[in-house]
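Structure first, commentary second.
The values are calculated or read from the model by the stated rules, or taken from the named source; none is laboratory data. Please read these numbers as outputs of a predicted model, since none were measured by experiment. So basically every Cβ, Gly included, is an ideal-geometry build from the backbone, and we count neighbours across all protein chains shown. Surface accessibility is based on the protein's heavy atoms, side chains included, excluding ligands, DNA and RNA. Shrake-Rupley method; radii C 1.70, N 1.55, O 1.52, S 1.80 Å.
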Amino acid sequence: MGLRALVGELIYESKDHQRAFKAAIGFFIVFLASSFMKFVLCTMYLGLFIWIFWTYKTAFF
């Protein structure tokens, strides 16, 4: 994932390797943060589903 940002920045400006590396690191950090937030949200939805199912379990059976 971050490799694409690195290659794209190197193609855009091939002389500034430091900028390309910073772009790749930034992309990787944002990717990790968004993946963590997706995990948290999915866990919350699963907890909500289990709570609703447990509360109204007689309606399901």
Inset, instruction - Could you compute the FRET efficiency for residue 59 and residue 34, with r as their C-beta to C-beta distance and R0 at 35 Å, rounded to 0.05? - result: 0.45
Inset, instruction - At a 1.4 Å probe radius, which order do 30, 40, 7 fall into by accessible area, largest first? - result: 30, 7, 40
Legend entry - Largest to smallest accessible area among 14, 34 [probe 1.4 Å]: 14, 34
Inset, instruction - Note down the relative contact order for the chain as a percent, whole number, built from C-alpha pairs under 8 angstrom at least six residues apart. - result: 28 percent
Legend entry - Semi-axis lengths, Å, the chain, gyration tensor of Cα atoms, sqrt of 5 times eigenvalues: 46, 9, 5
